[in-house]
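Undergrad: Structure in structure tokens, see below.
The values are calculated or read from the model by the stated rules, or taken from the named source; none is laboratory data. Since we're looking at a predicted model, the values are computed, not measured. Note that each Cβ is placed from the backbone with ideal geometry, even for glycine, and that neighbours are counted across all protein chains shown.
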Amino acid sequence: MASQEISGAGLRILRLLVGRRPRTVAELMAEAGVTRTAVTEQLSELMAAGLVERTTQRVSRRGRPCHLYRATPRAIDLLSKSNLRRVLPALLSVLQERLGNEETLALLDQVSRRVAQQYQARIDAPSLEDRVRQLAQLLEEEGILVEVQRRDGRLVLRQRTCPYVEMVDERRIACQMEQQILSHAIGQPLELCDCRLDGSCGCEFVVAAPAVSAES
């Protein structure tokens, strides 16, 4: 299941689980200092996002089953991204200082193609629309909230959350790189026609050609 926007309370519970043995609700209540209702609500949020999983353990035949909660590998990925949010903008800045804007963009295009190859390996639909929908599914598996819409005969890939929103500098190189990754992934140029950095609710990528099958 695709992950959602995680609340601050949910992240606090998640940090209590990552890298530790499975915890019960009672243990999380004691460690977090909150009520059972709060813990169960936060665990439900985290399970829906695919960040926590629950197992049931029966202590005895007559006793009530005990639920144990542990973080999934996706949770580790989520928490580790906080460091990347600091490293990547600095890396882009150094590249531009050393190489200049034009060479930096050329280098990032190569990076975009390399990243896109990971999507291409799982995108095999013959029609353009189906490839866009396959890409959307892959993005959702990574925790990005995304929708595919038809608008005026064109396909629109709308991202409600952005994986690079905290990595963007004033030149928005990260936005350009994401546009290139998505374009290479489906084998068709995409145009960034709306961006959350401009005050929109999400980022919209429009397929640059009419939504027709690849054979047309």
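Undergrad: So ARG151 clears everything in (1) surrounded by fewer than 15 Cβ atoms within 10 Å (Cβ to Cβ); (2) of a type outside the set (S, T, N, Q); (3) in contact with a helix residue (DSSP H, G or I) (Cβ under 8 Å, 6 or more places away or on another chain) except one condition, right? Which one?
TA: (3)
Undergrad: Could you tell me which numbered condition VAL132 fails, if it satisfies all but one of (1) assigned to a helix (DSSP H, G or I); (2) surrounded by fewer than 17 Cβ atoms within 10 Å (Cβ to Cβ)?
TA: (2)
Undergrad: Name, by its number, the condition in (1) modelled with pLDDT of 90 or more; (2) touching a strand residue (DSSP E or B) at 6+ places or on another chain (Cβ under 7 Å); (3) surrounded by 17 or more Cβ atoms within 10 Å (Cβ to Cβ) that does not hold for ALA116.
TA: (2)
Undergrad: Return a yes/no flag: does the range 95-107 have any residue that is at pLDDT 80 or above, more than 21 Å from the chain's Cα centre (by Cα), among the hydrophobic types (A, V, I, L, M, F, W, C) and not assigned by TED's automatic domain parsing to the domain that holds GLN137.
TA: no
Undergrad: Six or more apart or on different chains, Cβ atoms under 9 Å: show the pairs whose first residue is in the range 4-29 and touching a residue at least 12 places away in the same chain (Cβ under 8 Å) and within 15 Å of LEU68 (Cα to Cα) and whose second is surrounded by fewer than 17 Cβ atoms within 10 Å (Cβ to Cβ) and of a type in the set (Val, Ile, Thr).
TA: ILE13/VAL34; VAL18/ILE76; GLY19/ILE76; PRO22/THR55; VAL25/THR40; LEU28/VAL34
Undergrad: Quick check on the range 85-113: of everything there that is among the charged types (D, E, K, R) and more than 12 Å from ILE173 (Cα to Cα), which residue is surrounded by the most Cβ atoms within 10 Å (Cβ to Cβ)? Working first, answer last.
TA: If we filter the range 85-113 for residues that are among the charged types (D, E, K, R), which is where we start, we get 85-86, 97-98, 102-103, 109, 113.
Filter once more, so that each one left must be more than 12 Å from ILE173 (Cα to Cα): 85-86, 97-98, 103, 113.
Working: ARG85: 12, ARG86: 11, GLU97: 9, ARG98: 9, GLU103: 12, ARG113: 15.
Step by step, filter the range 85-113, then rank; the result is ARG113.
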